[in-house]
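The values are calculated or read from the model by the stated rules, or taken from the named source; none is laboratory data. Predicted model, so just to flag it, every value in this text is computed and none were measured. Counting neighbours? That spans all protein chains shown, and the Cβs are built from the backbone with ideal geometry, glycine included.
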Amino acid sequence: MKKIHLIESISSFLSSDNAGDLKGVYHPEEIKVWMSSAFNSIIYNAWRNGKKYNELSQIDAWSKIYEIDVADQVGKKAHALLPFSPVQLPDNAGIRQISDTADPSNVFAPMEATAGVVFAALEVNDADSTPVYSLEQNYLSTGAGEASHLLRLDKLPIAPATLITSIDALLVQNFDQIDDYDDMSLPENGEDDLMKMVIEVMRGKLTPDTSDDMVIDKKE
């Protein structure tokens, strides 16, 4: 089902008597906010079940390849700005794979941000030429609308070897990255689960709040 049809389906439910005390006409952008929170929960549950049964095809179905430029290479180190904040999953599983755009078989190995110091001390870097990446907050620029996260790249080839000028990042898409007219792949009973989670999120958001700017009024 396309994303826009899911939004319309939830809107239709909320305007019906079946919505009970939540019955009302809501702006589509409000519904999108609630759906985003609910969809994140569905992604996490799918990842947890996938890890349990060693089956992550559903996570891969929500993933998309983004080509990203490699920036400011100095020696074997560089960075790449991610197009959006990665979906928060354990072990940075929101990043499915990083590879060389020109050579997809050249896959980067994930590395903790602090592991490079340890490996350098142990001289591990000299034993393996596989390029590596680690996820960091984007400390280079923090202005509105700018990339919030970057990949720190290391062990890149240097001249005269062929340089890696761009990478393919296979990223799990969050709800906001899915176009309104894109098909949304959901697990079995996923539409019903999404509806239930949206209701749960709404009830949490509609709880009276002491901060006026945090209150979301239900429209009659």
Candidates ALA93, ALA102, ALA121, filtered to the one that is farther than 18 Å from ASN138 by Cα, at pLDDT 95 or above and of a type in the set (A, V, I, L, M): ALA102
Unique residue being surrounded by 18 or more Cβ atoms within 10 Å (Cβ to Cβ) and in contact with a Phe, Trp or Tyr (Cβ under 8 Å, 6 or more places away or on another chain) when the list is LEU56, LEU89, LEU6: LEU89
Which of the residues spanning the range 12-40 are hydroxyl-bearing (Ser, Thr, Tyr) and over 14 Å from GLU191 (Cβ atoms)? SER15, SER16, TYR26, SER36, SER37
Qualifying helices (runs of 4 or more DSSP H) (wholly inside the range 1-96; at least 2 residues being under 30 Å from SER166 (Cα atoms)): 28-53, 57-61
Which pairs have Cβ atoms under 8 Å, sit 6 or more apart or on different chains, and link a residue in the range 50-64 that is among the β-branched types (Val, Ile, Thr) to one that is outside any helix (DSSP H, G or I)? ILE59/ALA93; ILE59/ARG96; ILE59/VAL172
